[in-house]
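Below is one structure; the comments refer to it alone.
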Ligand SMILES: Cc1ncc(COP(=O)(O)O)c(C=O)c1O
């Protein structure tokens, strides 16, 4: 029966999501498990977003507005950009798919990193494309290696900034130099899923470059905005690119409640401020706890931290799981001695450190 599946699909390694809390509790017969495995917002969603959902429940029998009119207006106003520079998707995952379908000709290839968000590779391969994944350098995207590996066939370059799972970033100057020197017929996609957690002064500010470069920026409501379960993300690009992408977008891809919740979440400045401040503060506390335990970690610009273990990361993760703490091993990246932990609420982070201490 396997023969009936496309050969290239058989070769794809499926995405491994973080285990849901409910499943872990059932599996180990425990209560009060904590999830620090999927980089969600540990503080939940904004009350304003939840209220917007309640207020709009009556409209769910109608198809949603495919253009996301009100949300588009709100995002464009916030970012001070043309509303025609935006496209919304069922999570930024869907937009990655739309980008590949819109821009990649049958014989063209995708270039990215070996240790990054795996959906770039999976979605490209699902669309029949070849993908070249280059190693990181000192756990950062190696932009000069990417530049040197661009061939005639290369069309789309995916860069997660900050990167998942490392939390590292490329600087403004590094990115500008890269965009300046790569051939003009290539498209660069910068995935800024974690931008709200960044505090580095030299982090790229690139929105204005969509006017002059072949550049698409991805953003999401799944992380700082706390709406992962609703599935909504967006891309920022030149209106010409957006127009082409809109042609193949499913007509009702973003549901009506997600649109309303995202619009309200966007306006809830105090919720985002509180989330950001808490993550940055707790991130520092996590570093201090690691330092006290002599654990090596990578300083992160996101709401997660990657750290090194002396033993196999997977076996530590399994032990933590049995005790109700969900974190991510990085075996799929061949980083057997590393673990990624999402910054949670202060008490969750404390619990994680306590359990980790006991295990190692
Ligand atoms: C770098 C990066 N981009 C995109 C996503 C997916 O976001 P969404 O929930 O909007 O599909 C993730 C999720 O973990 C991510 O880490």
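Miscellaneous remarks
- Residue that is closer than 26 Å to residue 20 by Cβ and surrounded by fewer than 18 Cβ atoms within 10 Å (Cβ to Cβ), where the choices are 322, 296: 322
- Some residue of region 136-159 being closer than 24 Å to residue 229 by Cβ, crowded, with 17+ Cβ neighbours inside 10 Å, modelled with pLDDT of 95 or more and touching a strand residue (DSSP E or B) at 6+ places or on another chain (Cβ under 7 Å): no
- Screening residue 60 with (1) more than 22 Å from residue 317 (Cβ to Cβ); (2) more than 16 Å from the ligand (Cβ to nearest atom); (3) not in a helix (DSSP H, G or I) gives one miss only, at (3).
- Which listed residue is in contact with a helix residue (DSSP H, G or I) (Cβ under 9 Å, 6 or more places away or on another chain), part of a helix (DSSP H, G or I) and within 16 Å of the ligand (Cβ to nearest atom), from 259, 250: 259
- Checklist (1) surrounded by fewer than 18 Cβ atoms within 10 Å (Cβ to Cβ); (2) farther than 26 Å from residue 135 by Cα applied to residue 272, failing item: (1)
- Out of 92, 85, sole residue that is over 27 Å from residue 279 (Cβ atoms), in contact with a strand residue (DSSP E or B) (Cβ under 7 Å, 6 or more places away or on another chain) and in the same structural domain as residue 133 (by TED's automatic domain parsing): 85
- Taking region 63-77 as the range and being touching a strand residue (DSSP E or B) at 6+ places or on another chain (Cβ under 9 Å) and part of a helix (DSSP H, G or I) as the test, the residues that pass are 71, 72, 75, 76.
- Within region 78-97, the set of residues being in a loop (DSSP other than H, G, I, E, B) and away from the ligand (no atom under 16 Å from the Cβ) comprises 80, 81, 82.
- Matching helices (runs of 4 or more DSSP H) fully within region 115-224 where at least 2 residues are within 30 Å of residue 281 (Cα to Cα) and away from the ligand (no atom under 15 Å from the Cβ): 172-181
Residues are listed down the side, and each one gets a yes or a no for (1) surrounded by fewer than 18 Cβ atoms within 10 Å (Cβ to Cβ); (2) over 14 Å from residue 259 (Cβ atoms):
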{"residue": "75", "(1), (2)": "no, no"}
{"residue": "80", "(1), (2)": "yes, yes"}
{"residue": "96", "(1), (2)": "no, yes"}
{"residue": "99", "(1), (2)": "no, yes"}
{"residue": "107", "(1), (2)": "yes, yes"}
{"residue": "113", "(1), (2)": "no, yes"}
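The values are calculated or read from the model by the stated rules, or taken from the named source; none is laboratory data. On a predicted model such as this, the values are computed, not experimentally measured, just so you know. When we count neighbours, we look across all protein chains shown, and the Cβ atoms used for this are built from the backbone with ideal geometry, even at glycine.
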